[in-house]
Amino acid sequence: MDETSERASPQLSYAPSAAPSPWATYLAQIDRVIPYLGDLARWAETLKHPKRMLIVDVPIEMDNGMVRHFEGFRVQHNLSRGPGKGGVRFHPSVTLEETMALAAWMTIKTAAMELPFGGAKGGIRVDPLELSSKELEKLTRRYTSEIGIIIGPQRDIPAPDVNTNAQIMAWMMDTYSMHAGFTATGVVTGKPIHLGGSLGRVKATGRGVFVTGREAAKRIHLRLDGARIALQGFGNVGSAAAELFAAAGAKIVAIQDQWGTLLDDNGIDVTPLLERTRTETGIGASPDNNEAFWDAPCDILILAALESQLTAERASRTNAKLVLEGANGPTLTAADDILAARSILVVPDVICNAGGVTVSYFEWVQDFSSFYWTEHEINARLDTLIVEALRKIWSYADRHRISLRTAAFVIACERILAARQERGLYP
C-alpha cells in the first residue's frame, strides 16, 4: 500500500473482528474516537496493531508424574509512552485474542491516568483450582521463564489479575531474579509487602471503583447512603468495592459470582461473605437466580467480573441509574448505546478500575527509590489522581457532548499518538 494512502490497514489475520469478541469491542471503541483526533488520526492504525505478542508452551510435571502442557501468552500492545504494564490471569477461557484486547485497554487506561506506561497483558489457559500449590508454583515459574525474554523492570511489568495474587507475583519475581542474577523487585507489582510490595495495593482497584462511583453519584445527585447496589463479581475488586460502598451506607441487594447469585432487597451483609471467601471458593450462592440478577431493583450496577457481560438485552433490563465498570470490557458496544439512550451513566473501565494500575505505579516507583509510603499516603495519592483524571474526562465529555467512555478514549489516544508522532518511525 502506498505510504500516502489513507485507507485502513487490512484486518489482522490472527484476530477475529466479529462481535462480541473483546478485540472487536475494543476496535469499535477506537473507531468512535478517530473523528476527534484531528491530525493525529493519521497514526490511529497504531492502536489497532499490537506491538509484540508471545505465545509460549508451559509444560510442567504434575504431582502424579504426568507431564501436562498449558498455553501461555504475553502481549505488549503499545510501548510509546513507557514500559508495558498489565496483569497476568490464570483462567480456562484465556486466549490470545482476549489477551490482545486486555493489553489494548491497558494502553488506554495508563494514558487516561497519565501514568508513564504502555499497555500489556498476559495469562495462562488453566483452571488454577484444579492444581495443587506445588503444581501452581511450577506453572508460574515455567511461564515466567518463558516470557522472561520480553519482561523486565523497564520493559514490561506484570501484576495480579484474575486468579493470581501476591504469592504468584513473588514466584514470578524470584524466577526472573534467578535468571538475572540479582533481586529485581521492580519486575512485577502486587508483591507481598516484605518483598517490595506497596501498602494499599490489594484493595486499590476496588477503591478506585468506589472513588469514581462516589464522584459520579455526586454528578447525578444520587446519595450513596441508602443507594441500592447490584454487584457482579466478588473477587479482589468486587469484594473491596462492596466493603467501601457498604461503609458509605449503601445497601448491597444483589451479588453474583461465577457459581451463583444472592438477592435480598433488605441488603446483604458482606462481612460474613468476606470471611467465607478467605477460606472457601465462592459466596455459596445458587445459580438459580443468575438471570434474575439483571432485573434486581438497584441504583448502581457494578460490573467486576469478566469482559462482555453486559449485553444489549441485559442493558435493556437493568434499572440502574449508574453503571461502574470494575472489570475490563464488561459492556458490549450495542449495550453501551442502549444505556446512553436510556440516560444511564456509565463510568468506563479505563478510569473506573484504574486504581490497581495506579497503585502498581506507586509500587514501581517505591521499588526504584527504596523509599516506601504509608497506606494513608497511598490512598490519598490514589484518590487525588483518580479524581483529577475523572475531572478532565468529564470536562471534555461535557464540552463535546459525548460519553465518558469516548472522552476517556479521546484523551488517552491523543496522548499515545502524540508520543508516537514525536518519536517517529524507526528506521
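None of the figures in this text is laboratory data; all of them are computed from the coordinates on show. Fair warning: this is a prediction, and the values are worked out from it, not measured in the lab. In this analysis, Cβ positions are derived from the backbone assuming ideal geometry, glycine residues included, and neighbour counts consider all displayed protein chains.
As an exercise, identify the trypsin sites (Lys or Arg not before Pro) in region 204-241 lying in DSSP coil whose Cβ has no more than 13 other Cβ atoms within 10 Å. Before the final figure, lay out the partial values.
Details: sites: Arg207, Arg214, Lys218, Arg219, Arg223, Arg228; in loops: Arg223.
Answer by residue number: Arg223.
Based on Cβ point charges of +1 for Lys and Arg and -1 for Asp and Glu, what charge dipole magnitude is obtained for the chain about its Cα centre, in debye rounded to the nearest 20? Walk me through the numbers on the way to the answer.
Numbers: 44 positive and 49 negative charges, 208 e Å.
With only Lys, Arg, Asp and Glu charged at Cβ, the dipole is about 1000 debye.
Charges on Cβ only, +1 for Lys and Arg, -1 for Asp and Glu, centred on the Cα centroid of the chain; of Thr99, Met62, Leu417, which one is farthest towards the dipole's positive end?
Leu417
Do any trypsin sites (Lys or Arg not before Pro) in region 372-427 lie in a DSSP loop with no more than 16 other beta carbon atoms within 10 Å, and if so, which? Before the final figure, lay out the partial values.
Values: sites: Arg381, Arg391, Lys392, Arg399, Arg401, Arg405, Arg415, Arg420, Arg423; in loops: Arg401.
Counting only loop positions with at most 16 other Cβ atoms within 10 Å, the trypsin sites (Lys or Arg not before Pro) in region 372-427 are Arg401.
Could you work out [θ]222 nm for the chain from helices alone, using -39500 (n - 2.57) per DSSP H run of at least four and dividing by all its residues? Round to the nearest 500 deg cm²/dmol. Provide the component values of the computation, followed by the final result.
Numbers: 13 runs with 177 residues, N = 427.
Dividing the helical sum by the residues of the chain leaves -13500 deg cm²/dmol.
Rounded to the nearest 0.05, what FRET efficiency is calculated for Ser13 and Glu275 with R0 set to 60 Å and r the Cβ-Cβ distance?
Details: r = 49 Å, r/R0 = 0.82.
Once the sixth-power term is evaluated, E becomes 0.75.
Which percentage, to the nearest 5, of the DSSP beta bridges contained in the chain is antiparallel? Mind dumping the intermediate values first?
Details: 22 of 50 bridges.
The antiparallel fraction comes to roughly 45 percent.
Please list, by residue number, every one of the chymotrypsin sites (Phe, Trp or Tyr not before Pro) in region 368-401 that is coil in DSSP and has at most 10 other beta-carbon atoms within 10 Å.
Working: sites: Phe368, Phe371, Tyr372, Trp373, Trp394, Tyr396; in loops: Phe371, Tyr372, Trp373.
The qualifying sites are Phe371.
In the chain, if the dipole is taken from +1 on Lys/Arg beta carbons and -1 on Asp/Glu beta carbons about the Cα centre, which of Ala335, Tyr143, Ile268 is farthest to the positive end?
Positive-most Cα among the choices belongs to Ala335.
If packing is taken as the mean number of other Cβ atoms within 10 Å per residue, what is the order of 328-340, 109-121, highest first?
On the way: 328-340: 22.0, 109-121: 25.4.
Ranked by mean Cβ neighbours within 10 Å, highest first: 109-121, 328-340.
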